[in-house]
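Some notes on the structure that comes next.
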Amino acid sequence: MNKSKVAAFLSGVMLFSLTASLAAAPLLTGSGTIFAATAKTTQASAKQMAAVYAKIQAENAAKVVALVNVERKNAGLKPLVVHTNLSKMAKDKAIDMYKNNYFSHSSPKYGSPFDMMDAYNITYLYAGENIAKGQKTPSEVVSAWMNSPGHKANILNSKYTLIGVGYYNGHWVQAFIGK
């Protein structure tokens, strides 16, 4: 095929593809038809991106738990078990810090970590929280926590048996409880 036939063929394929994808969209005049198709594509892309990001968050949290349990094993302690509701709370705290642009154990929305645990109906005898910001990987954040005496004390506290980890846009939260 010569160049003009290839271009005409490709134009026809693109027009057919656009027409076929718009067949289910509402019929609008002018650029509205294209807008309807673009909105559907954007929504689908946003859902795909959200799913990818949720997977990254979950993987980062799981890696932090695994690395923390290596540190505990090396110290002769039992591994921490993931607590589902504590994990949700930790993730919500990480999101809260990011969206409300603060870095503190005390949340303007939730209060102290203990207030937040109470709000999430988490019962405990012992509780603690580690937060961090800016580390790019689970190994970086666990290393930073292990190089900080207070954070390390939480990670290696023998009274803690359960853990929840949250990650969101460079904000890390570990919550610990013992019952």
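The values are calculated or read from the model by the stated rules, or taken from the named source; none is laboratory data. On a predicted model such as this, the values are computed, not experimentally measured, just so you know. No Cβ is skipped: glycine too gets one built from the backbone with ideal geometry, and neighbour counts run over all protein chains shown. What goes into the accessible areas is simple: the full protein's heavy atoms, side chains included, and nothing from ligands, DNA or RNA. Shrake-Rupley method; radii C 1.70, N 1.55, O 1.52, S 1.80 Å.
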*Residue by residue through the range 66-101, note down the ones that are part of a loop (DSSP other than H, G, I, E, B) and touching a residue at least 40 places away in the same chain (Cβ under 8 Å).*
75, 77, 78, 80, 83
*Scan (1) more than 18 Å from residue 176 (Cβ to Cβ); (2) open to solvent by less than 60 Å² (accessible area, probe 1.4 Å); (3) in contact with a helix residue (DSSP H, G or I) (Cβ under 6 Å, 6 or more places away or on another chain) for the single condition residue 44 breaks and write down its number.*
(3)
*Write out, first by first residue and then by second, each pair whose Cβ atoms fall under 9 Å of each other, whose residues are 6+ apart or on separate chains, and whose first residue, in the range 149-167, is within 15 Å of residue 126 (Cβ to Cβ) while the second is among the β-branched types (Val, Ile, Thr) and open to solvent by 30 Å² or more (accessible area, probe 1.4 Å).*
161/81; 162/81; 162/82; 163/81; 163/82; 164/82; 164/84
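Conditions tested, residue by residue: (1) open to solvent by 20 Å² or more (accessible area, probe 1.4 Å); (2) touching a His at 6+ places or on another chain (Cβ under 9 Å); (3) part of a loop (DSSP other than H, G, I, E, B).
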residue: 103; (1), (2), (3): yes, yes, yes
residue: 109; (1), (2), (3): yes, no, yes
residue: 115; (1), (2), (3): yes, no, no
residue: 122; (1), (2), (3): no, yes, yes
residue: 129; (1), (2), (3): no, yes, no
residue: 140; (1), (2), (3): yes, no, no
residue: 145; (1), (2), (3): no, yes, no
*Within the range 152-165, count every residue that is open to solvent by 50 Å² or more (accessible area, probe 1.4 Å) and either closer than 17 Å to residue 95 by Cβ or of a type outside the set (A, V, I, L, M) (or both).*
4
